[in-house]
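Below: the structure, in structure tokens.
The values are calculated or read from the model by the stated rules, or taken from the named source; none is laboratory data. Just so you know, these numbers come straight off a predicted model, no measurement behind them. So basically every Cβ, Gly included, is an ideal-geometry build from the backbone, and we count neighbours across all protein chains shown. Ligands, DNA and RNA are excluded from the accessible area calculation, which covers all protein heavy atoms including side chains. Shrake-Rupley method; radii C 1.70, N 1.55, O 1.52, S 1.80 Å.
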Amino acid sequence: MGILRLLYVILHFFITYIHNLHVALSELVDRIKPVIKDRTYHWPADCHVLLTATTVKLGANIKDESLLLQKIGSELKRLDKLPIHVACLLTETDVNIDRMIVIIQWFVSMGVYCISLYDHEGCIASCQDEIKIKLKGLVENLPNGLRSKSIAVYKGFVKKEFFSSDSINIFLMNHYDGKSLFTQVAQRIVDELNYSQIDQSVVEQAINQFYPKEPELMVQFGSLLSNTTLGYSPWHLRLTQMMRAPNHTRLRVDHIVSTMLEYGSCQQRFGK
Amino acid sequence: MSWIQESKLKWYETLAVNVLKCGSIPKHVAFIMDGNRRFANKSGVKKIEGHSKGFDKLTEVLHWCLLLGVNEVTVYAFSIENFRRSEEEVDQLMSLAREKFKRLLEEKDKLNEHGISIRVIGNIGLLPADLQKLVVESMESTKSNTEAVLNIAFSYTSREEMTHAVREVAWGVQEDLLKIDDITEDLIQKCLYTRHSLQPDLLIRTSGEVRLSDFLLWQTTCCTLYFTPVLWPEFSIWDLCRSILHYQKNLPVLEKALKNSCDGRRQPISENMDRIEKFLSQMEVKESRTRNQILTQA
């Protein structure tokens, strides 16, 4: 039996090693040749034109990133497929703030004005001041129509009265903004209401007093092979599409485009 | 088809299982069994036939999980949102459920022999009365088993579960069993339908959708989520093995990203522990009374 067990252990090491090679090879291929995942079966006919144009453009060194992103954003909006709130989940331990600012700029160019940045430990949230300063510089790089927008940076969830939907809103979160928000809301509800008065709409209303609301899309950065939520507020993730992107330090604009187009091709059936 | 599958694996499948067991095997796996209707479309059969094939696949997957050493499985059988489907489809699904739960009761000796406990999680009050009775009978007849657990999420959504937990806590406060300050994340977790279970280590969703759809939102904060484009009735043992390999490879990176693991945080020991224990046992008594009412109704 000992020999058999040894064989299994060797084989286990082997398949793990092969899998690692496969992952490393995919990453290498990705660096050389940008690929847009072709989930076009959900797209209306005229979008194929956009998809082809994008693939061609990305293959040939993008000169005007923000123009391309604007075009994609408006196309997605036309199809009602532009997320209102995108949650960025960081799984890496070292956060490069300058890179994050560029990523925020890409999302804003596409027309996403509500972005939450989440990491479990709170590295992002602790850099609030640095982010605020660097974001001010971002406004100058934005396309014309957006330069007049103000940028607000919040730590954690904020109440309705402190939130303005006209500005670009960035939320910095960590795991203390997850289940503990629900617990606080629960304490308030229990304090104010009789148990027979509590139903789902009551809880929904209480949680909706806080911004940001549910993210339509969650992008997980980093080298994890599968998705995870790392403690992001559970109530808010009911219908969130979860996608992965490479490590934020080596993320390219075509990765973001690819993710947004894939999001655009997802279909929600809402149980039906 | 029977709830217990005893088919033997081929030699290369057994080899794969044994190789995987050299790594860490998740103790609790959750499945979102998506893609039955698409499978039915693809095969040119009726939707209900797709759901029936889905059930057959479930029994196969449970067998593979037992062989791999996964002791607890949770499956998303029917969401509260699914009540919005056509009346015909909902009726057909309820009939299928009746048939399967009746079969379960017929096979309860076999289940007891294998030590499998069945739990149904969700708001079963929304189901037809006769189905409620079948569900409670199934749970009662297997409750003393401890080898393996199958949680069937039937008439379930995560938000309804969290709301139910808040309601239970509110009842506790009203009955003077709890104080407002006792309400913590830990207490809410102990009021969920899944309170007797460990949190899932791995969640698998088939058919290519990449969302949780209101399933185990609270419980999957530290979980590996594996999305696969395979349709549920076509899910093979190799797909299961692949997902477990992903879990094994994810685990060290996930643990590093979490550092202070979500559930490892020690709750402070305080004098309210006695009060909370008393509330929890009263809650179990209340639950027990409800189940007895369902059993004894005509």
> Considering only residues of segment B:126-152 that are in contact with a helix residue (DSSP H, G or I) (Cβ under 9 Å, 6 or more places away or on another chain) and not in a helix (DSSP H, G or I), which is farthest from the other protein chains (Cβ to nearest Cβ)?
Replying inline: B:Ser144
> Is at least one residue of segment B:192-206 β-branched (Val, Ile, Thr), part of a loop (DSSP other than H, G, I, E, B), open to solvent by less than 30 Å² (accessible area, probe 1.4 Å) and touching a residue at least 24 places away in the same chain (Cβ under 8 Å)?
Replying inline: yes
> What's the number of the condition A:Met218 fails, among (1) modelled with pLDDT under 90; (2) more than 7 Å from chain B (Cβ to nearest Cβ)?
Replying inline: (1)
> In segment A:133-173, which residues are in contact (Cβ under 8 Å) with a residue 40 or more places away in the chain and among the charged types (D, E, K, R)?
Replying inline: A:Lys159, A:Lys160
>> Just to check your reading of the model, which residue among A:Leu181, A:Leu138, A:Leu225 is of a type in the set (A, V, I, L, M), assigned by the TED database to the domain that holds A:Leu89 and outside any helix (DSSP H, G or I)?
In response: A:Leu225
> Going by the structure shown, is A:Met243 assigned to a strand (DSSP E or B), within 24 Å of B:Thr206 (Cβ to Cβ) and facing chain B (nearest Cβ under 7 Å)?
Replying inline: yes
>> Only one of A:Leu225, A:Leu230 is within 11 Å of another protein chain (Cβ to nearest Cβ), open to solvent by less than 10 Å² (accessible area, probe 1.4 Å), touching a His at 6+ places or on another chain (Cβ under 6 Å) and within 20 Å of B:Ile32 (Cα to Cα). Can you tell me which?
In response: A:Leu230
>> Any residue that is of a type outside the set (S, T, N, Q), facing chain B (nearest Cβ under 9 Å) and under 22 Å from B:Ser213 (Cβ atoms) - is there at least one of those in segment A:200-215?
In response: yes
> Which residue, of B:Glu81, B:Glu99, B:Glu87, is over 19 Å from B:Thr206 (Cα atoms), within 13 Å of chain A (Cβ to nearest Cβ) and of a type in the set (Asp, Glu)?
Replying inline: B:Glu87
>> Quick test of your reading of the structure: A:Asp166 fulfils all but one of (1) touching a Lys or Arg at 6+ places or on another chain (Cβ under 9 Å); (2) of a type in the set (Asp, Glu); (3) assigned to a helix (DSSP H, G or I). Name the failing condition by number.
In response: (3)
> Is it fair to say A:Phe182 is surrounded by fewer than 16 Cβ atoms within 10 Å (Cβ to Cβ) and of a type in the set (Phe, Trp, Tyr)?
Replying inline: no
